[in-house]
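Everything below concerns the one structure shown next.
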Amino acid sequence: MSYVCVSQRFRLIAVLLAVFVLSSVSIAQQPVAPITKPSEPVMEQQVTNAQPAATSTASANMSDLRIGPGDLLEISVFGAPESLKQVRVSSEGSVTYPFAGTLKLADMTVRQAEEALAKTLQDGGYYNNPTVSILVKEFATQGVSVLGEVQKPGIYPMMGPRQVLDAISAAGGLTPKAGRTVTVTHRSRPNQPQTVPLDDDSKNNIAVYPGDTVRVSKAGIVYVVGNVKQPGGFVMDNQDLSVLQAVALAQGVMPDSSLNSSKLIRKTPDGQQQEIPIKLKDVLSSKAPDVALKADDILFIPSNPAASAGKRGLQAALQVITGIAIYGGRR
């Protein structure tokens, strides 16, 4: 009997030991899961650190803007909370600030204004090597002027920096006659306009600021008149449009056309009209080189009966062309 009891006790102890070992192994494995968690704060920190870099770039660009009459400025001196003031630039371009009196800041950049005010405060003995901060809270012109070949030219409110495509979008987008370049005249640098191509390249989508002017160019137009299937004016999507391409835009010539009596009418620098003979039949058969066109060129293709009276036919075509309002589709 005693042997059986001892045996049962040993079995009980063995079972308890097994349960204890399994529990220990399970507990030991639990801390492995949180190892992946530290990577999450690191990613959040990287994103957080990336934002001030973009903000500081925008702030640097904003500080290059020139102060103008009507702007609302927030001025403070580092370490002196009582110095925080909001002042409006007068019509004469000056502001009044404690201890500094009246100071003209118009046409200065924010950086230049900060330096000028700091010098005035230090020269007056009110501060020792002060660090002045100026923030433009409101611009007198808080919009960007969008002009040229846009659907709705006008002034559009844009607080802070935006991009040129944002301004064009605010104006309803481009018209069918829009060119392929846009010129931005910055308020801070009125004598240094930037002209960039309108394309999908992000580096050409330059920043614009309140007070800037965006002007979309007008595309060049060539006119094809005379004995063609669809006379009209056609927008030049590029600067490489040729005579053959223009004829194709006009849906080709009529069968009774006098091709080698064609003429190209082009304005000279002094505003006169110059007639250039075009042997279109030879061009079509590759016996003569194709001719590159320029904006406002007129390609006149007469019919056979008009070949002997080409001058009269050309004059009639030139009279009609002033009323042409057909623009070819974009290629």
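Numbers below:
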| read-out | value |
| --- | --- |
| Among (1) part of a helix (DSSP H, G or I); (2) touching a strand residue (DSSP E or B) at 6+ places or on another chain (Cβ under 7 Å); (3) closer than 24 Å to residue 286 by Cβ - the single one residue 248 does not satisfy | (2) |
| All positions within the range 253-286 that are among the charged types (D, E, K, R), surrounded by 14 or more Cβ atoms within 10 Å (Cβ to Cβ) and part of a loop (DSSP other than H, G, I, E, B) | 279 |
| Output for the range 201-231, where each listed residue is among the small types (Gly, Ala, Ser), within 30 Å of residue 66 (Cα to Cα) and assigned to a loop (DSSP other than H, G, I, E, B) | 211 |
| Cβ-Cβ under 8 Å pairs, at least 6 apart or on other chains, the range 87-100 side among the β-branched types (Val, Ile, Thr), far side modelled with pLDDT of 90 or more and exposed (fewer than 13 other Cβ atoms within 10 Å of the Cβ) | 87/96; 95/102; 96/102 |
| Residue in the range 217-234 that is modelled with the highest pLDDT, counting only those that are under 26 Å from the mean Cα position of the chain (by Cα) and surrounded by fewer than 22 Cβ atoms within 10 Å (Cβ to Cβ) | 217 |
| Residue within the range 112-125 that is under 24 Å from residue 186 (Cβ atoms) and β-branched (Val, Ile, Thr) present | no |
| Filter result (surrounded by fewer than 17 Cβ atoms within 10 Å (Cβ to Cβ), under 22 Å from residue 110 (Cβ atoms) and touching a Phe, Trp or Tyr at 6+ places or on another chain (Cβ under 8 Å)) within the range 148-190 | 160 |
| Yes/no for residue 158 being under 23 Å from the mean Cα position of the chain (by Cα) and either closer than 28 Å to residue 195 by Cβ or not assigned by TED's automatic domain parsing to the domain that holds residue 184 (or both) | yes |
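The values are calculated or read from the model by the stated rules, or taken from the named source; none is laboratory data. What you see is a predicted model; the values in this text were computed from it and never measured. Positions of Cβ are backbone-derived with ideal geometry, glycine not excepted, and every protein chain shown enters the neighbour counts.
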